[in-house]
1. Would you confirm, using the coordinates I've provided, whether D77 is in contact (Cβ under 8 Å) with a residue 24 or more places away in the chain and either β-branched (V, I, T) or surrounded by fewer than 14 Cβ atoms within 10 Å (Cβ to Cβ) (or both)?
2. Looking at D102, is it in a loop (DSSP other than H, G, I, E, B), of a type outside the set (A, V, I, L, M, F, W, C) and either surrounded by 13 or more Cβ atoms within 10 Å (Cβ to Cβ) or out of contact with any Ser or Thr (no Cβ under 8 Å at 6 or more places or on another chain) (or both)?
3. When you go through F204, F209, F192 one by one, which is the residue that is crowded, with 24+ Cβ neighbours inside 10 Å and out of contact with any strand residue (DSSP E or B) (no Cβ under 6 Å at 6 or more places or on another chain)?
4. If the Cβ limit is 7 Å and pairs must be 6+ apart or interchain, which residue in segment 303-314 that is more than 16 Å from E212 (Cβ to Cβ) pairs with which residue that is loosely packed, with under 13 Cβ neighbours inside 10 Å?
5. Given (1) open to solvent by less than 10 Å² (accessible area, probe 1.4 Å); (2) among the charged types (D, E, K, R); (3) more than 27 Å from P346 (Cα to Cα), where does K225 come up short, assuming only one miss?
6. Restricting to segment 155-181, name every residue that is within 24 Å of Q206 (Cβ to Cβ) and open to solvent by less than 30 Å² (accessible area, probe 1.4 Å).
7. Do we have T49 as in contact (Cβ under 8 Å) with a residue 12 or more places away in the chain, in contact with a Pro (Cβ under 8 Å, 6 or more places away or on another chain) and not in a loop (DSSP other than H, G, I, E, B) here?
8. Would you call R232 surrounded by fewer than 20 Cβ atoms within 10 Å (Cβ to Cβ) and either at pLDDT 95 or above or in contact with a strand residue (DSSP E or B) (Cβ under 8 Å, 6 or more places away or on another chain) (or both)?
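The values are calculated or read from the model by the stated rules, or taken from the named source; none is laboratory data. The model shown is predicted, which means the values in this text are computed figures rather than measured ones. Using ideal geometry, Cβ is built from the backbone for each residue, glycine included, and neighbour counts are taken over all protein chains shown. When the accessible area is computed, the model is the full protein with side chains, heavy atoms only, and any ligands, DNA or RNA have been set aside. Shrake-Rupley method; radii C 1.70, N 1.55, O 1.52, S 1.80 Å.
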Amino acid sequence: MNPTRFLALLFLLLALYCGIDPFKHSAISEFPDFKSHYVDLPDWSLLPTEKDDANLLQRSEINFVDQIQGPESIAFDPLGRGPYTGIADGRIVFWDGLKWTDFAYTSPNRSEICNPKPSPSSYLKNEHICGRPLGLRFDKKNGDLYIADAYLGLMKVGPEGGMATSLTTEAEGIPLGFTNDLDIDEQGNIYFTDSSTQYQRRNFMQLVFSSEDSGRVLKYNLTTKETTVLVRNLQFPNGLSLSKDGTFFVFCEGAMGRLRKYWLKGDKVGSLEVLAILPGFPDNVRTNEEGNFWVALHCRRTNYAYFFALYPKLRTLMLKLPIPTMVHYMLQIGGRLHAVAIKYSPEGKVVQILEDSEGKVVKAISEVEEKDGKLWMGSVLMPFVAVYNLAA
């Protein structure tokens with residue numbers, strides 16, 4: 001028997017043995033044109049192996065449990081107030097020291113369907129209506145807040161909050177499909193990622209499984225109001241952050257697990273470099289006061305994920321089996337939600353690794369924001385914000 005078919009049959013039998021309903025839809029049943037893409041990964045031996053054996057993130061403090069759902073990005077305004085964060089029901093909220101207060105909205109639709117719900121999955125079907133603010137950045141000069149809304153594009157709201165206004169929703173005639181993260185320079189240029197033009201955020205698992213390459217990194221000029229594509233044909237570009245001196249920005253490549261550098265100034269302007277190979281699947285990246293980069297890893301890359309990244313036909317065959325999407329997801333991440341935060345130097349050297357490999361306290365982090373000796377960690381999946389004291 002063909003090895004590919006044999007492996008698929010083996011997984012099907014395993015699914016039946018585990019009590020999985022064989023008549024349930026497959027992970028890609030709603031996507032008749034689904035296609036898996038090859039991921040050009042480095043040799044397994046080149047993936048970083050450094051770990052935090054002490055699991056220091058387990059010392060984190062968990063805040064705001066069940067008060068907010070899916071705080072993807074954490075931001076503080078120019079006066080140091082906050083945190084501000086975008087959550088699963090489409091609101092951007094602000095911690096005033098006593099409670100969470102509504103600050104801004106990206107969608108004018110605040111109907112009953114956008115009201116808080118008990119789980120992250122219950123929001124997904126209405127995200128395109130209610131909005132889903134992901135990356136947040138404040139202009140340090142005037143307090144304007146810039147927002148990457150997964151469905152509504154690049155947006156802005158003044159320091160008083162309220163209804164955000166749209167800046168751009170397309171580039172080169174192609175609509176933004178999954179606006180994800182952003183940063184703004186001193187000249188008023190906004191650099192941002194569009195993770196996919198084929199899959200919306202509510203189908204992010206299919207994007208992960210596909211590894212299709214329609215992702216882009218773009219630039220929006222606040223003066224000319226022009227949107228320019230800087231990098232194209234990317235497999236799930238995600239977080240983006242400018243260097244401290246503004247000579248380059250870095251962005252995360254989700255499928256390939258890399259931190260890439262794009263030069264904005266100097267002899268290499270417009271060129272790309274690989275800054276670091278990451279040990280897992282990255283989400284956002286943030287620059288601290290020293291100029292280092294904190295990368296939030298959703299999870300480490302497993303042997304399973306590595307193998308199927310290299311064999312797209314086998315991956316597609318697996319995904320066609322009547323196995324629930326969540327089962328595929330748990331195989332992808334190694335069976336449990338966990339958390340990894342890695343600090344890199346501007347040269348791409350590992351400075352520090354913090355981890356909760358067991359997911360006992362912190363899990364599925366999407367961003368690490370360093371402020372006043374503490375790391376504020378958001379999660380697009382979890383109903384809390386984790387805070388780790390670097391001096392502990």
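1. Details: in contact (Cβ under 8 Å) with a residue 24 or more places away in the chain: yes; either β-branched (V, I, T) or surrounded by fewer than 14 Cβ atoms within 10 Å (Cβ to Cβ) (or both): no.
Here the answer is no, as D77 does not meet what is asked.
2. Working: in a loop (DSSP other than H, G, I, E, B): no; of a type outside the set (A, V, I, L, M, F, W, C): yes; either surrounded by 13 or more Cβ atoms within 10 Å (Cβ to Cβ) or out of contact with any Ser or Thr (no Cβ under 8 Å at 6 or more places or on another chain) (or both): yes.
The answer is no for D102.
3. Values: F204 fails: crowded, with 24+ Cβ neighbours inside 10 Å; F192 fails: out of contact with any strand residue (DSSP E or B) (no Cβ under 6 Å at 6 or more places or on another chain).
Result: F209 is the single residue among F204, F209, F192 that is crowded, with 24+ Cβ neighbours inside 10 Å and out of contact with any strand residue (DSSP E or B) (no Cβ under 6 Å at 6 or more places or on another chain).
4. Y306/W44
5. (1)
6. Within segment 155-181, A171, L176, G177, F178, T179, N180, D181 meet the criteria.
7. Numbers: in contact (Cβ under 8 Å) with a residue 12 or more places away in the chain: yes; in contact with a Pro (Cβ under 8 Å, 6 or more places away or on another chain): yes; not in a loop (DSSP other than H, G, I, E, B): no.
Against the criterion (in contact (Cβ under 8 Å) with a residue 12 or more places away in the chain, in contact with a Pro (Cβ under 8 Å, 6 or more places away or on another chain) and not in a loop (DSSP other than H, G, I, E, B)), T49 does not qualify.
8. Numbers: surrounded by fewer than 20 Cβ atoms within 10 Å (Cβ to Cβ): yes; either at pLDDT 95 or above or in contact with a strand residue (DSSP E or B) (Cβ under 8 Å, 6 or more places away or on another chain) (or both): yes.
Considered against the rule, which asks whether it is surrounded by fewer than 20 Cβ atoms within 10 Å (Cβ to Cβ) and either at pLDDT 95 or above or in contact with a strand residue (DSSP E or B) (Cβ under 8 Å, 6 or more places away or on another chain) (or both), R232 comes out as yes.
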